[in-house]
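Written below as structure tokens is the structure these notes are about.
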Amino acid sequence: MFDFLSDYDNPTLLGAFWMTVKLTFFSGIGSLIWGTLLAAMRVSPVPLMRGFGTAYVNIIRNIPLTVIIIFTSLGLANIFRVTMGSDDFKVQDFRLAILGFVTYTAAFVCEALRSGINTVPLGQAEAARAIGLTFSQTLRLIVLPQAFRSVIGPLANVLIALTKNTTVAAAIGVAEAAYLMKGMIENEAEVLLIGAIFAFGFVVLTLPTGLILGWLSKRLAVKR
Amino acid sequence: MKLRKASAAAAAALVLSLTATACGGDNGDSNSGSGSDGGKKIKIGIKYDQPGLGLKEPDGSFSGFDVDVATYVAKQLGYNADQIDFVETKSADRENALARGDVKFIAATYSITDERKEKVDFAGPYLLAHQDLLIKSDSDISEATDLNGKNLCSVTGSTSAQNIHDKIAPKANLKEYSGYSECIAALQSGAVDAVTTDDSILAGFAAQEQYKGQFKLAGLKLSNENYGIGVKKGDTETVNKINAALEKMVSDKAWDKAVTDNFGPANYKNEPAPKIGVIVK
């Protein structure tokens, strides 16, 4: 029943899911960094930065991810010739896809974090200011560490959504799971079996993520 | 407890509505299945997004070679053009659409392969297509080996893309998109040097009004694709009827007319009409 799987070596089933993992990993790191910066902008005392953060989040999260990903390839690469440091399409597409995922996911990370910042009692920030900390010190040393601990759960949801969203990268030819699935369905005429295999693969990837991060969020939440 | 009652009620409602629709579905099927009694409809699977083969026009009409063949075959089965419902069958859904009986047959660039033959029966073939390259009219690509090192575009998961990196030009820089339109856009902007898939599909794109004169086919014949008409597994009667209709279509020259009408101005040299049941490997 599963013997057709060995016909695929470009990529293999494991190779395709490994690409999904790599996309998720790099996009996850990238959006955590960019999302944190965006969250900092949204709570900053400078109106211009607040405005930029608000505009960015509200625009980006309302654009379909497929549109963003296709734009990185058709718009950035084909028209503006943004090559991301490589002429090889395989490398270029991978980096473009990560750029697209970071752009998109950061908006959600930002909002999750901002909700976390709102859980930190106002007294904390006031106390920090009272002992002479600047805005960035208050954020870095007092507010964000507490905020992060309270939003591990929501961030896990963002990460799981990101894992599943990486399938959109098949639209610009990144050889991840959905890409291989398309190839298999084209050849094998076995939609249900192949669909089940890939669905199972994603459960294997996301279920442990949810369980581990769910456990962590309980352990680390700041008890108030 | 309240919740449990509510969900039981919901489940009952669901079952009721399902059986209700099932009855409706049965009636519909027996109507469309009983064929040439007059006033009945036939459902045919085509593609909606392939100019020259199967395309849904903005005004809701359909055009293309597959559509012409399907219309002719339906006519022979006793259905006039206004009794045909064209249903979109995407590549991934073709086998299931036939197995479920959603469509009577599928004419949608459906290449006859051994794997697919295990799931569906094929009438035809009605067209022999080859994998080919679409290049700019002033391009100098003339052989498959020219492709190594060149930028090439195809559709994710398509047989053509698999052929390129398995056999034809493993060193080609292959770009894959989810649709041919994106590839054509990349070809137009110069981001890729060639687009590859079946020559019939490429000819259809190149024959579109907005691209006239810009592109040409390289004429390489990189593979053989035998387009067949997919029929539900085991429905030999329909297969035989369709085969007879296809033979008639070739013998009364309607087939040649459909080819020239749809693949027009792109240096497309069609193969002679294939013999029924002869698969060119």
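The values are calculated or read from the model by the stated rules, or taken from the named source; none is laboratory data. Just so it is clear, the model here is predicted, and its values are computed rather than measured. So basically every Cβ, Gly included, is an ideal-geometry build from the backbone, and we count neighbours across all protein chains shown. Keep in mind that these areas ignore ligands, DNA and RNA; they rest on the heavy atoms of the full protein, side chains included. Shrake-Rupley method; radii C 1.70, N 1.55, O 1.52, S 1.80 Å.
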Quiz prompt | Complete set of residues in segment B:146-203 that are more than 11 Å from every other protein chain (Cβ to nearest Cβ), touching a Ser or Thr at 6+ places or on another chain (Cβ under 9 Å) and among the aliphatic types (A, V, I, L, M) | solution = B:LEU147, B:ILE168, B:ALA169, B:ALA194, B:VAL195, B:ILE201, B:LEU202
Quiz prompt | The listed residue being more than 18 Å from A:LEU14 (Cβ to Cβ), within 14 Å of chain B (Cβ to nearest Cβ), in a helix (DSSP H, G or I) and open to solvent by 20 Å² or more (accessible area, probe 1.4 Å), out of A:VAL168, A:VAL158 | solution = A:VAL168
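I need the full set of residues from segment A:44-73 which are surrounded by fewer than 19 Cβ atoms within 10 Å (Cβ to Cβ), aliphatic (A, V, I, L, M) and touching a residue at least 24 places away in the same chain (Cβ under 8 Å), in order please. Give the derivation first.
Looking only at segment A:44-73, we keep the residues that are surrounded by fewer than 19 Cβ atoms within 10 Å (Cβ to Cβ), and these are A:44-52, A:54-56, A:58-64, A:66-68, A:71.
Going one step further and asking which of them are aliphatic (A, V, I, L, M), we end up with A:46, A:48-49, A:55, A:59-60, A:63, A:67-68.
Within segment A:44-73, A:ILE60, A:ILE63, A:ILE68 meet the criteria.
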Quiz item: So which residues in segment A:205-224 are free of Cβ contacts under 8 Å to residues at least 60 places away in the same chain and under 27 Å from the mean Cα position of the chain (by Cα)?
Solution: A:THR206, A:LEU207, A:PRO208, A:THR209, A:GLY210, A:LEU211, A:ILE212, A:TRP215, A:LYS218, A:ARG219
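Of all residues being under 18 Å from A:VAL102 (Cβ atoms) and within 14 Å of chain B (Cβ to nearest Cβ) in segment A:81-90, which is least open to solvent (accessible area, probe 1.4 Å)? Just the residue, please.
Of the residues in segment A:81-90, the ones under 18 Å from A:VAL102 (Cβ atoms) are A:82-86.
Those still in the list that are within 14 Å of chain B (Cβ to nearest Cβ) too: A:82-84, A:86.
Details: A:VAL82: 50, A:THR83: 54, A:MET84: 59, A:SER86: 21 Å².
Among them, the one singled out is A:SER86.
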Quiz prompt | Single residue of segment A:10-45 satisfying the filter (touching an Asp or Glu at 6+ places or on another chain (Cβ under 9 Å) and within 14 Å of another protein chain (Cβ to nearest Cβ)) that is farthest from A:ILE60 (Cα to Cα) | solution = A:ASN10
Quiz item: Of the numbered conditions (1) away from chain A (no Cβ under 14 Å); (2) out of contact with any Phe, Trp or Tyr (no Cβ under 8 Å at 6 or more places or on another chain); (3) farther than 30 Å from B:ALA191 by Cα; (4) of a type outside the set (Val, Ile, Thr), B:GLU57 satisfies every one except a single condition; which is it?
Solution: (3)
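Could you tell me which residue of segment A:172-183 is nearest to A:PRO64 (Cα to Cα), considering only residues that are facing chain B (nearest Cβ under 9 Å), at pLDDT 90 or above and in a helix (DSSP H, G or I)? Quick ask: steps written out before the conclusion?
Here is the first cut: in segment A:172-183, the residues facing chain B (nearest Cβ under 9 Å) are A:172-175, A:178-183.
So of that shortlist, the ones also at pLDDT 90 or above come out as A:172, A:174-175, A:178-181.
Now restrict to residues that are in a helix (DSSP H, G or I): A:172, A:178-181.
Details: A:ILE172: 15, A:ALA178: 18, A:TYR179: 19, A:LEU180: 23, A:MET181: 22 Å.
Out of the qualifying residues, it is A:ILE172.
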Quiz item: Within segment B:96-110, which residues are open to solvent by 10 Å² or more (accessible area, probe 1.4 Å) and over 14 Å from B:TYR48 (Cβ atoms)?
Solution: B:ASN96, B:ALA99, B:ARG100, B:GLY101, B:ASP102, B:LYS104
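Could you tell me how many of the residues in segment B:96-145 are away from every other protein chain (no Cβ under 14 Å) and part of a helix (DSSP H, G or I)? Break it down into steps so the answer makes sense when it comes.
To start, the set of residues in segment B:96-145 that are away from every other protein chain (no Cβ under 14 Å) comprises B:101, B:103-105, B:107, B:123-130, B:132-145.
Then drop every residue that is not part of a helix (DSSP H, G or I), which leaves B:144-145.
So the count comes out to 2.
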Practice problem: Considering every residue within segment B:198-221, establish whether at least one is within 28 Å of B:ASP121 (Cβ to Cβ), part of a loop (DSSP other than H, G, I, E, B) and open to solvent by 10 Å² or more (accessible area, probe 1.4 Å). | Solution: yes
Self-check item: Cβ pairs under 8 Å, 6+ apart, first in segment A:89-107 and under 17 Å from A:MET19 (Cβ atoms), second of a type in the set (Phe, Trp, Tyr) and open to solvent by 10 Å² or more (accessible area, probe 1.4 Å)
Solution: A:ILE98/A:PHE26; A:GLY100/A:PHE71; A:VAL102/A:TRP34
Quiz item: Would you pick out the residues in segment A:188-204 that are in contact (Cβ under 8 Å) with a residue 60 or more places away in the chain and farther than 16 Å from A:LYS22 by Cα?
Solution: A:GLU188, A:GLU190, A:LEU193, A:ILE197
Practice problem: Quick one: in segment B:237-271, of everything that is of a type outside the set (A, V, I, L, M, F, W, C), over 19 Å from the mean Cα position of the chain (by Cα) and outside any helix (DSSP H, G or I), which residue is surrounded by the most Cβ atoms within 10 Å (Cβ to Cβ)? | Solution: B:ASN267
Quiz prompt | Which numbered condition A:ALA125 fails, given (1) open to solvent by 40 Å² or more (accessible area, probe 1.4 Å); (2) touching a Ser or Thr at 6+ places or on another chain (Cβ under 7 Å) | solution = (1)
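Among the residues of segment B:166-192, what is the count of those that are surrounded by fewer than 17 Cβ atoms within 10 Å (Cβ to Cβ) and not basic (Lys, Arg)? I'd like the intermediate steps shown before the answer.
To start, the set of residues in segment B:166-192 that are surrounded by fewer than 17 Cβ atoms within 10 Å (Cβ to Cβ) comprises B:166-167, B:170-171, B:179, B:181, B:188-190.
The next check asks that each one be not basic (Lys, Arg); those that pass are B:166, B:170, B:179, B:181, B:188-190.
Final tally of qualifying residues: 7.
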Self-check item: Conditions (1) under 12 Å from A:VAL109 (Cα atoms); (2) open to solvent by less than 40 Å² (accessible area, probe 1.4 Å); (3) hydrophobic (A, V, I, L, M, F, W, C); (4) within 17 Å of the chain's Cα centre (by Cα); number of the one not met by A:ALA40
Solution: (4)
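From the list B:THR89, B:THR71, pick out the single residue that is under 11 Å from B:ILE46 (Cβ atoms), within 14 Å of another protein chain (Cβ to nearest Cβ) and modelled with pLDDT of 90 or more.
On the way: B:THR71 fails: within 14 Å of another protein chain (Cβ to nearest Cβ).
Checking each option against the conditions leaves just B:THR89.
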